[in-house]
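J.: The structure that follows is given in the form of structure tokens.
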């Protein structure tokens, strides 16, 4: 099965689990300023673009989202989000203090040469590996997967300690941005936290 056959948004009115990956898996989001730009844009889309965000995590070179569009036009919402975030992050890389600037800009410039869609730079990889959320059980399996990313990466011991995800929204009732909390079982996140807390580091 090809990528296009296996992973595409067939029903844009449904919530989907999505993965946005930086080209070349470059670790752009090790810098807080670039993570904050992503968060600002997620918040803007929630308030102004009809984005319904159920869960997210920002890792060093990729982002996982569970998202839906109020108007049913998820593909268009995602396209605009990626286009705008790539533009403002590239601008920040050029304008802000960045020791890796020349190397990163050169890489993004070279990446776009194999595609006709971009004129100058490519920041995000094409494709988002979309998976339609077809049941509550599947939704929670994806939320657990998202929230445990920083734990598996040994960044934190408990999912809710990582502020650049929605884990604390579910565990503590608040987070760095607001999300649309999925219905029960919230206890599942606590159980996962307790399990991973028991692991010796």
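The values are calculated or read from the model by the stated rules, or taken from the named source; none is laboratory data. Here the structure is a predicted model, which is why all the values come from computation and not from measurement. Quick reminder, even Gly has a Cβ in these numbers, built from the backbone with ideal geometry, and neighbours come from all protein chains shown.
J.: For the list (1) surrounded by fewer than 19 Cβ atoms within 10 Å (Cβ to Cβ); (2) under 13 Å from residue 22 (Cα atoms); (3) out of contact with any strand residue (DSSP E or B) (no Cβ under 6 Å at 6 or more places or on another chain), I need the number of the one condition that residue 72 fails.
T.: Status for residue 72: all satisfied but (2).
J.: Within the range 46-53, is even one residue out of contact with any helix residue (DSSP H, G or I) (no Cβ under 6 Å at 6 or more places or on another chain), on the phi > 0 side of the Ramachandran plot, surrounded by 14 or more Cβ atoms within 10 Å (Cβ to Cβ) and in a loop (DSSP other than H, G, I, E, B)?
T.: Yes, because at least one residue in the range 46-53 is out of contact with any helix residue (DSSP H, G or I) (no Cβ under 6 Å at 6 or more places or on another chain), on the phi > 0 side of the Ramachandran plot, surrounded by 14 or more Cβ atoms within 10 Å (Cβ to Cβ) and in a loop (DSSP other than H, G, I, E, B).
To keep it simple, each residue is scored yes or no on (1) at pLDDT 95 or above; (2) in a loop (DSSP other than H, G, I, E, B); (3) surrounded by fewer than 19 Cβ atoms within 10 Å (Cβ to Cβ).
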position	(1), (2), (3)
98	no, yes, yes
103	no, no, yes
106	no, no, yes
119	no, yes, yes
137	no, no, yes
140	no, no, no
146	yes, no, no
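J.: Oh, and also: Test of understanding: among 78, 20, which residue is touching a helix residue (DSSP H, G or I) at 6+ places or on another chain (Cβ under 9 Å), in contact (Cβ under 8 Å) with a residue 12 or more places away in the chain and not in a loop (DSSP other than H, G, I, E, B)? Can you show your working first?
T.: On the way: 78 fails: touching a helix residue (DSSP H, G or I) at 6+ places or on another chain (Cβ under 9 Å).
None of the others qualify; the one that does is 20.
J.: While we're here: In the range 148-171, what count of residues is obtained for those that are in a loop (DSSP other than H, G, I, E, B) and within 21 Å of residue 133 (Cβ to Cβ)?
T.: Counting residues in the range 148-171 that are in a loop (DSSP other than H, G, I, E, B) and within 21 Å of residue 133 (Cβ to Cβ) gives 2.
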